[in-house]
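Heads up, the thing below is written out as structure tokens.
Here, each number is a calculation from the coordinates, and none is a lab measurement. Everything numeric here is computed off the predicted structure, so don't read it as measured data. Heads up, the Cβs are rebuilt from the backbone with ideal geometry, glycines too, and the neighbour counts pull from every protein chain shown.
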Amino acid sequence: MIEFIEAVTRIVQSPGFRVALVVCGIALFIFLLIRLYLRLRTANLVNIEYERHFAVEGVYEGEEVELIEIIRNRGFFPLFFVDVESYMPAELRVMDYETGQTGGRPYLLSRFQLLPYMQIRRRHKLKCVKRGYYTIQTASVYDRGGSVPLESPAELYVYPKVIPMDLYRLAVGRMQGEYTSLRPLYSDPFSLSGIRDYRFGDTVSQINFKASARVPMSGSSASPLKVNHRDFCASRRLMIYMDFHLPVGTIMTSEDYERRAERGLSFSSALMRDAIFTGYAVGFAANCKLPDGSLSLRFPPDSSEAHLMEMMRAMAAMIPYDGASFASLLEYDLVDGMADTEVVIFCYVQGEEMLTRIAELERLGNSVKIVPLEAVDEAEEVYGHEKS
């Protein structure tokens, strides 16, 4: 017993024991500090303010957009290793950033180190690979034993991809009843009717350099430049329709149906942009499904850029679906007496009811162009055939 006590005494008095005791004391102190920090951290997570938004309201399919995160620490207590996680739609691909995946759903994880009263702004680039309306509602801050939800809604409209059409196949330069359409939606290079002075807004391609060179330098002309004069149509109005109806018995896979619909929307968006920027009043109607359950969509012709973006937002949110009767959409404009309008119809099949109402539209002085969706499915060039 005495020998055991002496051995213990020698160990206690040895320098190594003292070092080990100091190390254990320091480790215990650090452990207690960590435990205390974790408890205080949990209590101070309520001081976090988190919000996010997209840099713009909407972009076109295939373009990039920035998702901006803003996080603030409103308390005096520092918060380290704050992990904010949120699920992202698969159609919005995060670029130059490692994303995880849970249950087949991609998620974005951002880690922040927050000193007292610090604010951090972080930007992520996303690639928009598919048309649609996307919302992100909540994010989660992970803590011991679970996660704390943060309400941080953000929404983004991805408009249909703009695919230019074959301009000369769809240019409408023809008689509309008693009115001559001398300025088609897309200018005809052979519709020259004279030469006039240059005016603000004329493009370089309109300048007639030979005629301009013949103008005397000291002449009385208001402008030394001359441009080719093209007559204007009596009514610059364009109405675009999309018919999603597919007759019973038609064999078509859902992938083909959706692909043709997306291509039709892409051509429609290109037509709308070109027409609005040319000064047209443009309208759009479709028998589709909307997020609120509606089975049709209609915008009367208007010429403002705000009207264009309103139509684009609706096209981003719409769902390709055989909704209301397409004939009823045409009937609405017939009852309204629509006239002197250039009409473009994208459809799967030309039904008898459609052709009957198209004939009535033409009797009112409208020019009608039918573009089968099967013709725009495989190529960017549109092979529409004007109804005889």
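Side notes on the structure shown:
- On the basis of the beta-carbon distance and an R0 of 22 Å, GLU63 and ALA90 show a calculated FRET efficiency of 0.80.
- The lysines whose alpha-carbon is closer than 23 Å to the alpha-carbon of LYS161, local same-chain residues fewer than 8 away aside, are LYS125, LYS127, LYS130, LYS289, LYS369.
- Inter-label distance for ASP197 and ARG122, nm, one decimal - labels placed 7 Å from Cα along Cα-to-Cβ: 6.1
- Per-pair calculated FRET efficiency, R0 = 30 Å: ASP292 and ASP83 via Cβ, rounded to 0.05: 0.25
- GLN113-PHE31 FRET efficiency (beta carbon distance; Förster radius 25 Å; 0.05 resolution): 0.70
- Shape class for segment 253-354, computed from the alpha carbon gyration tensor (a ≥ b ≥ c): oblate, with a/c not under 1.5 and a/b at or below b/c.
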